[in-house]
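Undergrad: Before anything else, here's the structure in question.
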Amino acid sequence: MIKNKLILLILGAALSQGYARETIDFNENWQFARFGPMPNGSHQEEPEGLYEINADDSGWRTLNVPHDWGIEGPFRKDLPNRTGKLPWPGIGWYRKTFELPAADENKRVFIEFDGAMSGTTVWVNGGWAGEWPYGYTSFRFDITPHVRPGQKNVVAVRLNNLDDSSRWYPGGGIYRNVRLVKTDPVHVDQWGVFVSTPEVSEKKATIRIETELKGAAPDEVDICHEIRELNSDKVLEKGKGAFCSIRLKKPKLWSLETPNLYQVTTTVFKDKKAVDTVVSTFGIRSIEFTAQGFFLNGKKTRINGVCQHSDLGPLGMAVNRRAMERQLETLKSFGCNAIRTAHNPPDPSWLELCDRMGVLVVVESFDVWRMEKTVNDYAHLFGAWHERDIRAMVRRDRNHPSVIMWSTGNEVREARRMEDVSMVTHLADIVRDEDATRPSTFGCAGAVAATNGFGAVSDVMGINYKPELYGNIRKRFPNLPFYASETTSSISSRGEYFFPVSESQNEGNGGWFQVSDYGLYASRNGYPADTEFKSQDEHPYVMGEFVWTGYDYIGEPTPYNKDKTNLLNYPDPVVRERVKKEMAALGKEIPPRSSYFGIVDLCGFPKDRYYLYQSRWMPEKPMAHILPHWNWAERIGQVTPVHVYTSGDEAELFLNGMSLGRRVKGPYEYRLRWDDVVYAPGELKVVAYKNGKPWAEETVQTTGAAEQLLLDADRGTIAADGQDLAFVTVRVADADGMTVPRTKNRVKYTISGPGEIAAVGNGDPTDLTTFSSKERKVFNGKALVFIRSVKGQSGTIELLAESDGLAAKRISIKAK
């Protein structure tokens, strides 16, 4: 007891004196050059010896990472639109010069990458430090044998992005954060503190802490732990040992509504001297998966989830914390409470945000196993690397309370054959070896995979695009927990509507490579959202769903994927013939470069489906939404169907004050329809009711002519750290300030003050203007400007937007 008290006293002193590992931001001042396939279509020969300490990089670009070389463009019509028509394949070199104090002579030195795309090889002072081919997992190398304390040091990083290695836009470059970490020879291993909560209640919780060391055995050191609430100095409980259990009374549980977080400070003492300190964030919560559903802290919780690719729209793959936070804010605003990281491990910042914001996460490892989907995809790495990648994924992320399942794959082709089922258990065993507190899963595609028992070998079964099989799956596997791991694949373009409105799955397309926003259309393997809602309501034991997708993403512009389309998608013979001629003239140069799947577009602007999901996933929120817009001068006297999404149970529609009738939601109806409305300009108004009482209203009006630009920033003040962003929504409006739909005005942007335009987007999947351009058309009345601060410079940033024939507009944002 006396010894323990002494150690704890020493721990307090050690923390106050700053005894800890040193972690250094390693993102700034890299030299960069590209070789091999170049953005303009030419080829640049790769010189030899670029890893050498004295290699000449004087003519290279100086930049900071995270960096995505592909998003810089240009978009090229000759490149595949499946991966975004961007020049991301190629070879990239990064070099950085740094110094280490002579006092670091006896320290261990590591370089850590949260992710690099892809085929990474690292040298330090000309010595080979290591390689990591997968672009999505985090890794580090021990560079102690290569560094020279007290002297100049050079790190060189070579990336090799192979063409045809992805089914979507993967980006290119050191696109996540990099750190230099210095420790004592005796230290906690990378991701070496594992915190779990095996016993959880509102009265008490057991916190289990497992610590893995390097440089010493556990019995050669003392390991002490202190538990605090996040951002608090007050120590709640203390413990000791490599395997330690601590009881905490009246814990604040982590939940979707109250995402409470704690931290454990782990300090290692050798010969009574503190040699390493690690702080780990965790949450106290319980999860349970049963045949009846998913339970969080003992409460049945429906998964209202979306699938998310890693790109940040016009910013590309380069990680930015504020951009990810805005994505989560947008997703939560329509009731989303869960993310599936399709189809790879995410950046660690994404999970930190999900922890803090109360969002569940299924972390996914791969899109393929041994059987390839593209010529150079992960299948060629799987045999040698899958275990290292899965262990890296699980070990890095296992302390996050937001993470509820580990997915070992997506629609893998092995699932067609039961003779390959041993791979399921093999991968699950790797996961379980690192973390036995969460189940493993993967997404099964096709009727065979869903019913042949392959998916049933997982702890929790994921079903992609098979709502008609939920009843059969329950009969065959009555005790198996399962969920819809990928649903709908609905497609639409924000603010685009084509007539006549048809129910056909393949008849939503009538314009220049756009898809109608009526929410009735999907890819060939998909279906409207209403179909999934009905099946889940009929089978309430399904835990919930992950919609494909939350945001639009770069690449995979179905139904115009693989640089071709099916003319049968066009129901109108006149339109079909026109498009046929246009396509013949274009040859392979089909313009779409980003997806139509999102509930929101590439900029985060809501499509109409946003409100359908909001009405479903936020039933207590009074809301009503009318579609389409009401600017149809060419349709006067023609039938123009009106749909209403509402969390109410009935609604009445009015056109210019005249009732068009009251509709009541019938069984398994999720939208209210007035399919025989004859267009007349003026005002559409809907009054929604719930339980017979007024619930919500919305009005849509025919606007005046476009007269002005309006600007609105999401925040008036941003941090002057060179990373923080303000998102400025640009609208083309009439004299009364109403957004004028169907407008495509070109807008020019000029910025002054301590800020820069990081990107400009508009949500149009066919727009091949480079995102860095300071001029871009709005799409159906809207565009988005990404403004980034300049590190260390405070003051007022001013954005000016100008367009011919419209009143210009300015907006100011403070950086401090």
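Undergrad: So, of the residues in the stretch 241-252 that are surrounded by fewer than 16 Cβ atoms within 10 Å (Cβ to Cβ) and touching a residue at least 40 places away in the same chain (Cβ under 8 Å), which turns out to be farthest from Phe269 (Cα to Cα)?
TA: The qualifying residue farthest from Phe269 (Cα to Cα) is Lys250.
Undergrad: Please determine whether any residue of the stretch 767-783 is within 18 Å of Lys607 (Cβ to Cβ) and in contact with a helix residue (DSSP H, G or I) (Cβ under 9 Å, 6 or more places away or on another chain).
TA: No, the stretch 767-783 contains no residue that is within 18 Å of Lys607 (Cβ to Cβ) and in contact with a helix residue (DSSP H, G or I) (Cβ under 9 Å, 6 or more places away or on another chain).
Undergrad: Out of curiosity, is Tyr596 at pLDDT 95 or above and closer than 30 Å to Phe75 by Cβ? Give the steps one after another, and end with the answer.
TA: Numbers: at pLDDT 95 or above: yes; closer than 30 Å to Phe75 by Cβ: yes.
Against the criterion (at pLDDT 95 or above and closer than 30 Å to Phe75 by Cβ), Tyr596 qualifies.
Undergrad: A follow-up question, please. So is Val457 buried (at least 24 other Cβ atoms within 10 Å of the Cβ) and of a type in the set (A, V, I, L, M) or not?
TA: On the way: buried (at least 24 other Cβ atoms within 10 Å of the Cβ): no; of a type in the set (A, V, I, L, M): yes.
In short, no.
Undergrad: Suppose the filter is part of a helix (DSSP H, G or I) and hydrophobic (A, V, I, L, M, F, W, C); does Leu711 pass it? It would help to see each step written out before you state the result.
TA: On the way: part of a helix (DSSP H, G or I): no; hydrophobic (A, V, I, L, M, F, W, C): yes.
Against the criterion (part of a helix (DSSP H, G or I) and hydrophobic (A, V, I, L, M, F, W, C)), Leu711 does not qualify.
Undergrad: Then there is this: Of all residues in the stretch 632-647 being closer than 21 Å to Leu520 by Cβ and of a type outside the set (Val, Ile, Thr), which is farthest from the chain's Cα centre (by Cα)? Step through it out loud before you land on a result.
TA: Filtering the stretch 632-647 for residues closer than 21 Å to Leu520 by Cβ gives 632, 635, 638-647.
Still in the running and of a type outside the set (Val, Ile, Thr): 632, 635, 638, 641, 643, 645, 647.
Values: Trp632: 36, Arg635: 40, Gln638: 42, Pro641: 34, His643: 30, Tyr645: 26, Ser647: 27 Å.
Among those residues, the one meeting the criterion is Gln638.
Undergrad: Ok, one more. Quick one: is Tyr645 under 30 Å from Val785 (Cα atoms), at pLDDT 95 or above, surrounded by 14 or more Cβ atoms within 10 Å (Cβ to Cβ) and not assigned by TED's automatic domain parsing to the domain that holds Leu806?
TA: Values: under 30 Å from Val785 (Cα atoms): yes; at pLDDT 95 or above: yes; surrounded by 14 or more Cβ atoms within 10 Å (Cβ to Cβ): yes; not assigned by TED's automatic domain parsing to the domain that holds Leu806: yes.
Judged against the criteria, Tyr645 is a match.
Undergrad: Every residue in the stretch 636-653 that is touching a Ser or Thr at 6+ places or on another chain (Cβ under 9 Å) and not β-branched (Val, Ile, Thr), please.
TA: Correct list: Tyr645, Ser647, Gly648, Glu652, Leu653.
Undergrad: Among residues belonging to the stretch 288-315 that are out of contact with any Lys or Arg (no Cβ under 7 Å at 6 or more places or on another chain) and among the aliphatic types (A, V, I, L, M), point out the one that is farthest from Trp406 (Cα to Cα).
TA: My answer is Leu315.
Undergrad: Right, next: Do we find that Thr531 is crowded, with 22+ Cβ neighbours inside 10 Å, out of contact with any Cys (no Cβ under 6 Å at 6 or more places or on another chain) and modelled with pLDDT of 90 or more in this structure?
TA: Values: crowded, with 22+ Cβ neighbours inside 10 Å: no; out of contact with any Cys (no Cβ under 6 Å at 6 or more places or on another chain): yes; modelled with pLDDT of 90 or more: yes.
No, not satisfied.
Undergrad: Taking Lys182 as the residue in question, decide whether it is assigned to a strand (DSSP E or B), touching a residue at least 40 places away in the same chain (Cβ under 8 Å) and touching a helix residue (DSSP H, G or I) at 6+ places or on another chain (Cβ under 9 Å).
TA: Values: assigned to a strand (DSSP E or B): yes; touching a residue at least 40 places away in the same chain (Cβ under 8 Å): yes; touching a helix residue (DSSP H, G or I) at 6+ places or on another chain (Cβ under 9 Å): yes.
Yes, satisfied.
Undergrad: For the stretch 266-335, please list each of the strands (runs of 3 or more DSSP E) lying entirely inside it that holds at least 3 residues being modelled with pLDDT of 95 or more, buried (at least 21 other Cβ atoms within 10 Å of the Cβ) and not assigned by TED's automatic domain parsing to the domain that holds Pro89. Steps first, answer last, please.
TA: Details: elements: 273-282, 287-290, 293-296, 303-308.
Result: 273-282, 303-308.
Undergrad: Does Tyr668 count as aromatic (Phe, Trp, Tyr) and surrounded by 14 or more Cβ atoms within 10 Å (Cβ to Cβ)? Reasoning before the result, please.
TA: Working: aromatic (Phe, Trp, Tyr): yes; surrounded by 14 or more Cβ atoms within 10 Å (Cβ to Cβ): no.
So Tyr668 does not fit the description; no.
Undergrad: If you scan the stretch 622-642, which residues turn out to be loosely packed, with under 14 Cβ neighbours inside 10 Å and in contact with a helix residue (DSSP H, G or I) (Cβ under 8 Å, 6 or more places away or on another chain)? Lay out the reasoning, then the answer.
TA: Filtering the stretch 622-642 for residues loosely packed, with under 14 Cβ neighbours inside 10 Å gives 633-634, 636-639.
Once the filter is applied, which keeps residues that are loosely packed, with under 14 Cβ neighbours inside 10 Å and in contact with a helix residue (DSSP H, G or I) (Cβ under 8 Å, 6 or more places away or on another chain), the stretch 622-642 yields nothing.
Here's the yes/no breakdown for (1) crowded, with 20+ Cβ neighbours inside 10 Å; (2) at pLDDT 95 or above; (3) farther than 30 Å from Ile590 by Cα:
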| position | (1), (2), (3) |
| --- | --- |
| Val747 | yes, yes, no |
| Leu799 | yes, yes, yes |
| Gly805 | no, yes, yes |
| Ala815 | yes, yes, yes |
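Undergrad: Something else: Could you please find all residues in the stretch 632-676 being over 18 Å from Met618 (Cα atoms), touching a residue at least 24 places away in the same chain (Cβ under 8 Å) and assigned to a strand (DSSP E or B)? Step through it out loud before you land on a result.
TA: Going residue by residue through the stretch 632-676, those that are over 18 Å from Met618 (Cα atoms) are 632-643, 652-664, 666-667, 673-676.
So of that shortlist, the ones also touching a residue at least 24 places away in the same chain (Cβ under 8 Å) come out as 632-633, 635-643, 652-657, 673-676.
Answer for the stretch 632-676, where residues must be over 18 Å from Met618 (Cα atoms), touching a residue at least 24 places away in the same chain (Cβ under 8 Å) and assigned to a strand (DSSP E or B): Val639, Val642, His643, Glu652, Leu653, Phe654, Leu655, Arg673, Trp674.
The values are calculated or read from the model by the stated rules, or taken from the named source; none is laboratory data. These figures come from a predicted structure and were not determined experimentally. Glycine gets a Cβ as well: all are built from the backbone with ideal geometry, and neighbour counts include every protein chain shown.
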